[in-house]
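Heads up, the thing below is written out as structure tokens.
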Amino acid sequence: MGRSRRTLPEELLLLALDPATGTTAQPQSLDLGLAGAQLVELALAGRIAPDGDRIAVVVPRPTGDPTLDSALELLRRRGAPVRAVHWIGGPRLGLRQIYLSHLERCGMVHAVPGQMCGVLPTTRYQATDTAISREIRSRLDSAIRTGVPPDPRTAALAALAHAVGLGKHLYPGNEGRSSRSRLRDLIRHDPMGGLVAHAVMDVQNGVGAQPRRNSAAGARPAAEPARGVPMQPRHGSMARVVAH
């Protein structure tokens, strides 16, 4: 997989990065969204495929992206298809920091050290090329504005953005209500994106242990995620690194 194309986890993280504060919106749910974005990226690369509400490895060959290949290898070791909600809700900590460090190495963001309350060290991140973030945002805006079915990558990005609660960050207030609704509706344009987006929301709502009645992606309406949904402690929170 060439580096000329940004991966969905990278795009989701850049979309969540607030240019004014250097922090990420919805930090608690973003790790879940990044795990889901990895699955979609692997599916787009032809390495995995949905099997009902489960994920099956179909081609175990590495992609060339170390972070994605680590996820692919973990899926391969399962030996059988795994439920998307179990994979996304698994105890893999720190995906935000992994991807932030990766984006810093690639020169797409730079770290700004600081302190919280004058004592605790913090690190905030600023995009080095705001044109990249604008291009990502414009793809979503275009899909929302025109109503033209987006490409699978943009549809999956919209589904994940909705699932982790970025709608109110991207389209705030009453004036953004219709845009948030259309962002939610884009979930139906990519089956894999819909599957993982619903899994992300299920984990946040604490229903991951229950089998879905209809495993088809997009089978049930996707309600806008509530703000401040409490997360399980096992997911961790990067309290000192871009979490506020």
Legend entry - Counted residues, the stretch 56-99 - those being free of Cβ contacts under 8 Å to residues at least 60 places away in the same chain and either in contact with a Gly (Cβ under 7 Å, 6 or more places away or on another chain) or within 14 Å of residue 44 (Cα to Cα) (or both): 9
Legend entry - Complete set of residues in the stretch 138-151 that are outside any loop (DSSP other than H, G, I, E, B) and either closer than 19 Å to residue 96 by Cβ or more than 21 Å from the chain's Cα centre (by Cα) (or both): 145, 146
Legend entry - Where residue 59 falls short, out of the listed (1) under 12 Å from residue 195 (Cβ atoms); (2) aliphatic (A, V, I, L, M); (3) outside any helix (DSSP H, G or I): (1)
Legend entry - Where residue 55 falls short, out of the listed (1) surrounded by fewer than 24 Cβ atoms within 10 Å (Cβ to Cβ); (2) over 14 Å from the mean Cα position of the chain (by Cα): (1)
Inset, instruction - Answer yes if at least one residue in the stretch 136-149 is in contact with a His (Cβ under 7 Å, 6 or more places away or on another chain) and either free of Cβ contacts under 8 Å to residues at least 12 places away in the same chain or surrounded by 13 or more Cβ atoms within 10 Å (Cβ to Cβ) (or both), and no otherwise. - result: yes
Legend entry - Where residue 112 falls short, out of the listed (1) assigned to a loop (DSSP other than H, G, I, E, B); (2) open to solvent by 40 Å² or more (accessible area, probe 1.4 Å); (3) at pLDDT below 90: (1)
Inset, instruction - Working carefully through the options 122, 154, find the one that is part of a helix (DSSP H, G or I), in contact with a Lys or Arg (Cβ under 6 Å, 6 or more places away or on another chain) and surrounded by 13 or more Cβ atoms within 10 Å (Cβ to Cβ). - result: 154
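The values are calculated or read from the model by the stated rules, or taken from the named source; none is laboratory data. Source: prediction; values computed, not measured. Note that we place each Cβ from the backbone using ideal geometry, even for glycine, and neighbour counts take in every protein chain shown. Just the protein is used for accessible areas: all its heavy atoms, side chains included, with ligands, DNA and RNA removed. Shrake-Rupley method; radii C 1.70, N 1.55, O 1.52, S 1.80 Å.
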